[in-house]
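Let me begin by presenting the structure, written as structure tokens, before commenting on it.
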Amino acid sequence: MTESQFQAKLLKALRDHPALKDAVIFKHSDRFNGGIPDISVTVKGVTTWIELKVYPNKLSKLQEYYLRRLQRAACVVYKEGKDMAIAIIANDIAIRCLN
């Protein structure tokens, strides 16, 4: 699975997740400003920034820089192997966004 396929499936799962029904979920795809995390989820005025990677891909130096600047508001989600269910990943992200 490519990162774009992973991103599309995860975005759908996040938007369909009952706990995130009032969330604002954006996909960020700006080819002119590299390093910005792939997705943001805002719930009750608090935004979580999410960078998606499919193993064995790694963060770029610019992505590492922005994630450090975002600190606790950011996370990296790695998909490893075929068996990791998108619904489980979406649920883990929902829990993080709501806490």
- Quick one: count up the residues across segment 46-60 that are without any contact (Cβ under 8 Å) to a residue 24 or more places away in the chain and over 20 Å from Ser4 (Cα atoms). 0
- Just wondering, is there one or more residues in segment 79-88 that are modelled with pLDDT of 90 or more, among the hydrophobic types (A, V, I, L, M, F, W, C) and not in a loop (DSSP other than H, G, I, E, B)? no
- Scan segment 23-31 and give yes if some residue there is modelled with pLDDT of 90 or more, crowded, with 16+ Cβ neighbours inside 10 Å and either outside any helix (DSSP H, G or I) or touching a Lys or Arg at 6+ places or on another chain (Cβ under 6 Å) (or both), otherwise no. yes
- Query: Quick one: what pairs do we get from segment 6-19, first residue outside any helix (DSSP H, G or I), second buried (at least 18 other Cβ atoms within 10 Å of the Cβ), C-beta under 9 Å, 6+ apart or different chains?
  - Reply: His17/Ala23; His17/Ala90; His17/Ile93; His17/Ala94
- Message: Please verify whether Leu70 is within 12 Å of the chain's Cα centre (by Cα) and of a type outside the set (Asp, Glu), treating the condition exactly as stated.
- Response: no
- Query: Out of segment 1-16, which residues are among the aliphatic types (A, V, I, L, M), buried (at least 16 other Cβ atoms within 10 Å of the Cβ) and either at pLDDT 95 or above or under 17 Å from Pro37 (Cα atoms) (or both)?
  - Reply: Leu10, Leu11, Leu14
- List the pairs whose first member sits in segment 73-88 and is within 11 Å of Phe6 (Cα to Cα), whose second member is at pLDDT below 85 and of a type in the set (Lys, Arg), and whose Cβ atoms are under 9 Å apart, counting only residues at least 6 apart or on separate chains? Ile86/Lys79
- Scan segment 20-38 and report the pairs whose first residue is without any contact (Cβ under 8 Å) to a residue 12 or more places away in the chain and whose second residue is assigned to a loop (DSSP other than H, G, I, E, B), with Cβ atoms within less than 8 Å and a gap of 6+ or a chain change. Ser29/Asp38; Asp30/Ile36
- Item | Residue in segment 54-69 that is surrounded by the most Cβ atoms within 10 Å (Cβ to Cβ), counting only those that are modelled with pLDDT under 90 and touching a strand residue (DSSP E or B) at 6+ places or on another chain (Cβ under 7 Å) | Val54
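The values are calculated or read from the model by the stated rules, or taken from the named source; none is laboratory data. Fair warning: this is a prediction, and the values are worked out from it, not measured in the lab. Note that each Cβ is placed from the backbone with ideal geometry, even for glycine, and that neighbours are counted across all protein chains shown.
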